[in-house]
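Trainee: I am attaching a structure below and will ask some questions about it afterwards.
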Amino acid sequence: MISIFHSYPECSSLLAAINNHYRINATKLYLYRDMIGSVYFLESDDRRYVFKLFRCEATDQALQSLEVISYLRNFDYPVVPIVPMAESVESGALYMMLEMPEGKRAGILYEFLEGMVPDFAADITAVGRQIGRLHNLMADYPKPLIKRGKSFYIDRYINLMKAYGYSNAKISDLADYGDKLWRSMEQLPGGFCHGDLHSGNMIKAGERFILFDFDIASHAYPVIDAATLSDRTNFNRLDDSAYDNTRRMFERFYQGYSKERVLSDCEAEAIFDFIAIRHYELNATITEYRLPLRGTSWMSDAGFDEQYEWLMRWRKMCGR
């Protein structure tokens, strides 16, 4: 049986709690989106903020994201600023805990960032260089990072299909492909990866790209970030040009990245393996997101078939 419990606070009570902890005198609050955490926008008379309320099971991720952001700010790396609590509440504390029916949830208040969403058609080389610097800085990060491996990237989706009762033969195909993909990843150098680097998780301000949403940052493989930024495939419909478009985007990304950090030939070749791996991971994340909101009514053989065909077709493209 598939079930995940997730509740929502009443907005006026949440607004009062945030104002009490941070003394920001916000007058408006509304829910923007909900994935690993519920993201709210707040407004006061002269400032705007973003508040993220993490799910109970993501508390460790929330606190790690705070530590990583604080570490990077020490090196003047462009990351989202965190608003500390008021001195009269808990001086210097960077998060609050909110009691919910399912347990305690961590909340973090960020400054609202002004700027533009990057246009990778124009900006990908500059983004590549900045991500190379990110990986270099995080190579010296002094604290242990959450580790993410095959159970997160591959097995979650396989297990969800099994729980739904999808075709055993097709699950077997996807499990075999996932095993092959992950064997190629295990041969690569490990290290820090942001894990969710796309244009929606950065803001262009001048010549710099301010990063945020470090929620799934981990010790995995740095090439994951390169692959995510180079991915030119469509999530639902795989065009014949997707492989070549991804290769060209990676070449432009690497023109900037290589000025800071070098990838081995094996890492460069693994870009295309991780495009498929990310498809497993995103399908699992989207499914886990929808379950608390819509139950299993939206799930269907046709939906799983679409993703099955996508992955099998990508495998053929890469094989050629």
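Trainee: Run the accessible area of segment 209-320 with a 1.4 Å probe and give the carbon-and-sulfur part as a rounded percent.
Mentor: Here it works out to 45 percent.
Trainee: 222 nm [θ] for the chain, helices only, -39500 (n - 2.57) per DSSP H run of 4+, per residue, to 500?
Mentor: When only DSSP H runs of four or more count, the value is -15000 deg cm²/dmol.
Trainee: Oh, and also: With label points built 7 Å along Cα→Cβ from the Cα atoms of residue 66 and residue 309, find their separation and express it in nm.
Mentor: For the pair residue 66/residue 309, the computed spacing is 4.7 nm.
Trainee: With θ set to phi - 60° and the Karplus curve 6.51 cos²θ - 1.76 cosθ + 1.60, what are the ³J(HN,Hα) couplings of segment 53-67 in order, to the nearest whole Hz, using x for Gly and Pro?
Mentor: Coupling constants for segment 53-67: 10, 7, 5, 3, 6, 9, 4, 4, 5, 4, 5, 5, 4, 4, 5 Hz.
Trainee: Please work out which option in [x] 33, 26, 17; [y] 26, 23, 18; [z] 31, 25, 18 gives semi-axes √(5λ) of the Cα gyration tensor in Å calculated from these coordinates, and answer with its label.
Mentor: Recomputing semi-axes √(5λ) of the Cα gyration tensor in Å here gives the entry labelled [x].
Trainee: I want to check the label-to-label distance for residue 300 and residue 57. Put each point 7 Å from Cα in the C-beta direction and report it in nm to one decimal.
Mentor: Calculated label separation equals 2.6 nm.
Trainee: Name the residue from 177, 195, 81 whose Cα lies farthest towards the positive end of the charge dipole of the chain, charges +1 on Cβ of Lys and Arg and -1 on Cβ of Asp and Glu.
Mentor: 177
Trainee: Which of rounded, prolate or oblate describes segment 209-320 when judged by the alpha-carbon gyration tensor and an a/c cut-off of 1.5?
Mentor: oblate
Trainee: Could you work out how far apart the two model spin labels at residue 44 and residue 236 are, taking each label as a point 7 Å from the Cα in the direction of the beta carbon, and quote it in nm?
Mentor: Placing both labels 7 Å along Cα→Cβ, they lie 4.2 nm apart.
Trainee: What whole-number value in Å² describes the accessible area per residue of the chain for a 1.4 Å probe?
Mentor: 47
Trainee: Rounded, prolate or oblate, given the Cα gyration tensor of segment 76-140, with a/c below 1.5 counting as rounded?
Mentor: Prolate, because a/c is 1.5 or more and a/b exceeds b/c.
Trainee: Continuing with the same structure: Tell me which aspartates and glutamates have Cα within less than 14 Å of residue 259's Cα, excluding those fewer than 8 residues away on the same chain?
Mentor: The qualifying aspartates and glutamates are 251.
Trainee: Continuing with this model, one more query. Arrange the residues 156, 55, 183 by how much accessible surface each exposes, largest first, with a 1.4 angstrom probe.
Mentor: 183, 156, 55
Trainee: Now, a different point. What do you get for the angle between helix 301-319 and the principal long axis of the chain? Use alpha-carbon atoms, 0 to 90 degrees, nearest ten.
Mentor: 60
Trainee: Let me ask something else about it. I'd like the orientation of helix 271-294 relative to the chain: the angle between its Cα long axis and the longest Cα principal axis, in ° from 0 to 90, rounded to 10.
Mentor: Roughly 50 degrees between the two axes.
Trainee: Then there's this: On the accessible surface of segment 1-111, probed at 1.4 Å, how many percent belong to carbon and sulfur atoms?
Mentor: Heavy-atom surface of segment 1-111 belonging to carbon and sulfur, 1.4 Å probe: 50 percent.
Trainee: Could you pull out every one of the lysines with an alpha carbon less than 24 Å from that of residue 28, ignoring same-chain neighbours closer than 8 positions?
Mentor: Partners found: 52, 104.
Trainee: Follow-up. Using only Cα atoms, find the angle between the long axis of helix 11-22 and the longest principal axis of the chain, and express it within 0 to 90 degrees, rounded to the nearest 10.
Mentor: For helix 11-22, the angle is close to 70 degrees.
Trainee: Output the relative contact order of segment 69-122, whole-number percent, from Cα pairs under 8 angstrom with separation of 6+ residues.
Mentor: Relative contact order of segment 69-122: 27 percent.
The values are calculated or read from the model by the stated rules, or taken from the named source; none is laboratory data. Note that the structure is predicted; figures quoted are calculated from it, not measured. In this analysis, Cβ positions are derived from the backbone assuming ideal geometry, glycine residues included, and neighbour counts consider all displayed protein chains. The protein model used for the area step is the full one, side chains on, heavy atoms only, and it has no ligands, DNA or RNA in it. Shrake-Rupley method; radii C 1.70, N 1.55, O 1.52, S 1.80 Å.
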